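Everything on this sheet refers to the single structure shown next.
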Amino acid sequence: MSSENADGRASMPRASADWTGHSHGSREYRRLLAGLFFAGIATFAQLYSPQAVLAQIADYFTVGAADAALVVSTSTIGLAIGVIPWSVVADRVGRVRAMTIAVISATVFGLLVPFAPTFSLLLTGRFVEGLMLGGVPAIAIAYLSEEIEPRHAARAAGSYVAGTSIGGLLGRLVASPVAELANWRVGVFSVAVLCAVSAALFITLIPRPQGFVPSRARRRGIDPSLVGLIRANLQSPRLLALYAQGFLLMGGFVALYNFLGFRLAGEPFNLPQSLISLVFVAYLAGTWSSAQAGVLAARFGRWWVLLLAVALMIGGVVLTLSVWLPLTLTGLLLATAGFFAAHAVASGWTGTEASVGRAQASSLYNLSYYAGSSLFGWLGGVFFVTWGWVGTAGMVAGLAAVAALLTALLLRPVRTLT
């Protein structure tokens, strides 16, 4: 007898034993990919849209570059704090229901926050918005892995990641020109409207879940405790090194984009905001490199590819020190490609490296990833105010160098005896 499942849709109360996932090319497969694609846009467009208008926010509230960057950092702090609680919520109420609650709540805050009358209220609203946004990255990959045939799960995950990268790109590209025509509030609000449409498409398209067994439907005592799973994943030096990749590299990457706009607006470039916003098109280099990193890792091994990607990021950051604009932009492209390639390898490696609690291992990687974004995304502004672009670029390159050192020492391939 069927009943109302944890996602509020009619189905059996537990996953069928013979469920193998939606087959590649099926209607439900395409709907799932499209739904998660729009979830990625709805999440990451509003998360990073203020990054394109930080200079205007700084001018409006009469704050410095580092303080303005808190508009991005407070939301990523909220997201980092939210990922593990959201994974628990999803286990209890269902994957789709949890993601739906998260994306609707975040969109409501996204529509209201741009009109906060004070800077402190703006930061508070962005923090809560980030908490709500955490529900999508915390759940999406787990949901996808339960609903897609295993042999096509990696390809499907790539479509979700593409949605997140395109969402981040759209948020920046839409906010900046609209802000120049009107003001920064209207620019950020316009992105929130785009996210509301994307959220509606996600809710409409996402198929009924069939591969999830809610926690309340399982026999008591068969699951390890959440604390035990987290503790196990914090005791592995190799997993800690992978979490450090997300923390250090994402922190440096966000700082790079947070403050490069300030540099391009000043001497010797003096670019208008409409042109500065176009630097975010460099994200497309990351869309390409993340896919190529997977191919190369399968052929040459993750360790070598991760080291190469981090080295590419460092080289790109060094090139941004040039006062010749084409070389600076080339450096940005290389740094972006290197970062996304490294992130693709490290995030995928985390899931396979964990022997227990893979969902918790991925959540810990996400927590580290966004904690680094929050901390160094702000600290890069302190370096910028104190030492200019040389200081910020030096910080980013230094963080990447530490990540490379940890990779070399702790993630070297383990040789097995045959």
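Show the residue pairs that are 6+ apart or on different chains and have beta-carbon atoms under 7 Å apart, the first residue being within the stretch 379-405 and in a helix (DSSP H, G or I), the second being charged (D, E, K, R).
Qualifying pairs under 7 Å: 389/263.
Listed here are the residues, each with its yes/no results for (1) modelled with pLDDT under 85; (2) closer than 21 Å to residue 187 by Cβ.
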| residue | (1), (2) |
| --- | --- |
| 3 | yes, no |
| 10 | yes, no |
| 16 | yes, no |
| 31 | no, no |
| 34 | no, no |
| 46 | no, yes |
| 57 | no, yes |
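Which one of 137, 117 is at pLDDT 80 or above, part of a loop (DSSP other than H, G, I, E, B), open to solvent by 10 Å² or more (accessible area, probe 1.4 Å) and not charged (D, E, K, R)?
Being at pLDDT 80 or above, part of a loop (DSSP other than H, G, I, E, B), open to solvent by 10 Å² or more (accessible area, probe 1.4 Å) and not charged (D, E, K, R) holds for just one of 137, 117, which is 117.
Looking at (1) open to solvent by 10 Å² or more (accessible area, probe 1.4 Å); (2) closer than 21 Å to residue 167 by Cβ; (3) modelled with pLDDT of 90 or more; (4) not polar (S, T, N, Q), which one does residue 77 not meet, given that it meets all the others?
Going through the list (1) open to solvent by 10 Å² or more (accessible area, probe 1.4 Å); (2) closer than 21 Å to residue 167 by Cβ; (3) modelled with pLDDT of 90 or more; (4) not polar (S, T, N, Q), residue 77 breaks only (3).
Please name all residue pairs, on different chains or six or more residues apart, with Cβ atoms under 7 Å, provided the first residue is in the stretch 256-267 and is small (Gly, Ala, Ser) and the second residue is open to solvent by 10 Å² or more (accessible area, probe 1.4 Å) and in a loop (DSSP other than H, G, I, E, B).
Pairs found: 265/271.
Has the stretch 226-247 got any residue that is over 30 Å from residue 414 (Cα atoms), modelled with pLDDT under 85, open to solvent by 60 Å² or more (accessible area, probe 1.4 Å) and in a helix (DSSP H, G or I)?
Checked the stretch 226-247: no residue is over 30 Å from residue 414 (Cα atoms), modelled with pLDDT under 85, open to solvent by 60 Å² or more (accessible area, probe 1.4 Å) and in a helix (DSSP H, G or I).
Determine the pairs where a residue that is farther than 15 Å from residue 371 by Cβ, located within the stretch 64-93, has a partner that is among the charged types (D, E, K, R) with Cβ atoms under 6 Å apart, the partner being 6 or more residues away or on another chain.
That search, which allows pairs on different chains as well, returns 71/126.
What number of residues in the stretch 228-269 are among the β-branched types (Val, Ile, Thr) and within 19 Å of the chain's Cα centre (by Cα)?
1
The values are calculated or read from the model by the stated rules, or taken from the named source; none is laboratory data. These numbers come from a predicted model, not from an experiment. Here Cβ is always computed from backbone atoms with ideal geometry, including for glycine, and neighbour counts include all displayed protein chains. Accessible surface areas use protein heavy atoms only, side chains included; no ligands, DNA or RNA. Shrake-Rupley method; radii C 1.70, N 1.55, O 1.52, S 1.80 Å.
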